[in-house]
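Only one structure is covered here, and it is reproduced in the block below.
Just so it is clear, none of the values below were taken in a lab; they were calculated from the coordinates. Fair warning: this is a prediction, and the values are worked out from it, not measured in the lab. Note that each Cβ is placed from the backbone with ideal geometry, even for glycine, and that neighbours are counted across all protein chains shown.
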Amino acid sequence: MSGYRPIIDRYESVIGNAFNLGTARDTSILKIAQVIAQLGNVEIKHIEARPGEVKSFALDSAKANDMLGWMPGVPIEIGLERTWKIAESMKGF
């Protein structure tokens with residue numbers, strides 16, 4: 001969430017830009033699903049990958065660093081947990 005503040009603070013100079021706010025580490029989709037399943041206390045059903053399916057991804061946050069001075073500061077597991085808690089707190093909002 002720390003990446004949003006620099007965007008808000010500089011909104012006039014960054015209008016029209018898109019920023020990747022991520023760890024820049026290759027992370028498997030399965031790993032993300034496992035973390036979310038643990039947070040939601042649910043089981044996931046893992047099936048074989050389909051042809052062409054994305055197995056992992058990494059966001060390059062260099063533009064956010066260059067234009068906003070932002071760098072990733074928490075591991076993806078912590079970031080997902082924080083995001084989960086925010087989403088949970090907004091239920092019924």
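Among the residues of this structure, I78 does not count as one that is in contact (Cβ under 8 Å) with a residue 24 or more places away in the chain, within 18 Å of the chain's Cα centre (by Cα) and more than 24 Å from N17 (Cβ to Cβ).
Among E77, E53, which is the only one that is part of a helix (DSSP H, G or I), among the acidic types (D, E) and in contact with a helix residue (DSSP H, G or I) (Cβ under 9 Å, 6 or more places away or on another chain)? Steps first, answer last, please.
Details: E53 fails: part of a helix (DSSP H, G or I).
None of the other options fit; the residue is E77.
For segment 58-73, the tally of residues that are surrounded by 12 or more Cβ atoms within 10 Å (Cβ to Cβ) and either in contact (Cβ under 8 Å) with a residue 40 or more places away in the chain or not aliphatic (A, V, I, L, M) (or both) stands at 8. For segment 8-29, a residue qualifies if it is within 23 Å of E77 (Cα to Cα) and surrounded by 13 or more Cβ atoms within 10 Å (Cβ to Cβ), and the qualifying residues are F19, N20, L21, G22, T23, A24, T27, I29.
Of all residues in segment 1-44, those satisfying the criterion of being without any contact (Cβ under 8 Å) to a residue 12 or more places away in the chain, among the β-branched types (V, I, T) and part of a loop (DSSP other than H, G, I, E, B) are I15, V42, I44.
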